[in-house]
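First up is the structure itself, then whatever we jot down about it.
The values are calculated or read from the model by the stated rules, or taken from the named source; none is laboratory data. Remember, predicted model here, so these are calculated numbers, not experimental data. Every residue, glycine as well, gets a Cβ built from its backbone with ideal geometry; the counts of neighbours run over all protein chains shown. Areas reflect the complete protein model, heavy atoms only, side chains present, ligands, DNA and RNA absent. Shrake-Rupley method; radii C 1.70, N 1.55, O 1.52, S 1.80 Å.
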Amino acid sequence: MTKDYPKNRRDHEFKKLSHAISWNSNKKEQLHQRINDSIDRLESKKDKSIRFSPYVASIGLFLVFIAVGYTLYFNGDQQNIQGPEEPPVVIEPTPDDDETDELGDNEAQEKTLHHYDGTYDDSHYSVAMTDERSDYIIEASIQGFNQARIGVNKEKLAKITYDADSLLNEYLLSEYGLQVVFNEFPIGDFEVVDNHLNLQFEQQDVMGLTLHSGVDRAFSLANRIFASNFINEAFHYTVYSGDEPFYNEHEGFGIIDMPINTPRFYVPVTIDDKIYLGFSAYGDNVFEDKNQLFEAYFANHQDSIDFSMFTVDYIEINARNDYEISIEGDLGKAAKANQMIERDIRELLIHGLGLNILHQKELFPNVHELFVIINGNSIDSVPLELSSITPNVLPYDFFAEWEPEEEFDVGQLSVKNSTYETISEVLDSVEVSSNWSRNKEVVAFSSIGDSDPQSYMYLWKVGEKRPMIVEDVFGYISHYKWSPNSQYVIAEMHTSAFGRTGILYSMKDGSISEFQYDYSLAWSPDSTKIAIGLVDENVEPVVQTEMGGTMHLAEYDLDTGNVTVLEEGTQHYYLYPSAWEDDGTIIYEKRDIENPVKLEVLEWNE
């Protein structure tokens, strides 16, 4: 957080001078305007002026007197600026009078105020959102559908959580600096059965989830916050892939019987002129004791709020058998340091501490209500119900009216006279990832829509009115790589930072096969082999990387399915192909593991 230092005496004097000149200029303009208005009125009455000439003369003398008096007054003020007395200073109005008193001096009032919007109402729903850098998870609160038929219902909540389109995210970023955490694919259905929340998704949507990937983390966070809206109905939740609970056998992880109430640590987060309470997107803090938790909350967080002037005096059970927390600190100093009003400082203190106490069950196992005392003054005569704390409130209006945009079905594209040119023109008009075969007779493509980046593979042949869907090829397709003879195409799917799955489709008979490789590939000139990168986790690199080992230059044989290592990487460097020349030479790159910028381009020949 940037510290604001007091301005020096000279800056203060220049500021006063600027205010005085501005004040006098405004007065002068107002006076001139009144004079011009009077003259206009007199001109409009010229034809009647003979009868009223004495009055006109009187008005003229009166205006001259005002002009002379104004000149003397202005000169006197200029002399006062340089003397011991100070000129009038215009103080910009603040949103309301009590905020003016709380902020203190004029310099604080000229800065942009930071606002925190929270309330006490358990009828709100929570949506997992994040800042633009995705550093924090913000539980945005939206009014739930109530008896007055105001707000959003849980069906709309599910759409906001899992199916946000570009329109919704653009609105959130522009108005609140936020965006929805997850919008990769929509939820099919949800229901609570025997105190257990079941979240239903299409099998082809969740089958691509991998452990520790960005999509998996975002999906888990979205599920967790969405499930928290059922805290009074369920204790655990399970994600279903089709009719079965989701479990990735290859990586050995699933989303089954996950607890809804999980520990998390909230801190104030500053985004533009707004303050939110959020928790880290990369894990929840675990604390040894209560004091460590409080110290962490009051720490001066980078790019956030400075609460370092506060401490918890005590938290204990009082004589009425209620939990009581006493906070000591300078509210005025905190308001000035953070460009906030004291009311928002108090709310942020109470909400932040209350949410942390509520969600750190190991430290506070049976605390549901809390008396809050700040500087010896009780905030309320009744204890605060922690579950009623509603942070980060957003207006419900836009969400109630919003509906996700319908995804355009690229399979419905058509053209009467399909040539390379006409098909290319049609595909250029929609959002697709495409690549033409070498002979320009067929194009492979898939949709890259905002709401669902997973797509089927489509093939559109020249001469055909519509494209053909390849239903057995579906997922996060990043590229298409055609063989030199145009008889094969590879749909490339990313499985990790380096890992790839290649789905090989044969134009001869429509057969499909699959092979694994890493980072890059290159077709042989005769279209029978593919040069690939191949990670070897048995080799321990000199420094740990996401690759988890080294990478060899290898070759995949289409006929046999065998993989042969051509050149080995080591603990110091890794290898991957970039091209396969017509003369049989493989161009590959050798990259230093410690310093990836260090690169050599080499050749391999049989």
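Below is a table of values for the structure above.
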item	result
Accessible carbon and sulfur surface of segment 114-259 relative to its total accessible area, %, 1.4 Å	44
Alpha-carbon gyration tensor eigenvalues x 5, square-rooted, for segment 511-605, Å	24, 16, 9
Value of Rg to Rh for segment 114-259 (Rh from inverse mean 1/r over Cα pairs, i.e. Kirkwood)	0.97
Solvent-accessible area, 1.4 Å probe, carbon plus sulfur percent, for segment 511-605	41
Net charge, residue 503 excluded, C-beta distance under 15 Å - Lys, Arg +1, Asp, Glu -1	-2
Residue-count net charge about residue 196 - beta-carbon cut-off 14 Å; Lys, Arg +1, Asp, Glu -1	-4
Environment charge of residue 276, counting only residues whose C-beta is closer than 10 Å and scoring Lys/Arg +1, Asp/Glu -1	-2
Net lengthening on full extension, residue 572/residue 440 (0.36 nm per residue, minus Cα-Cα)	43.3 nm
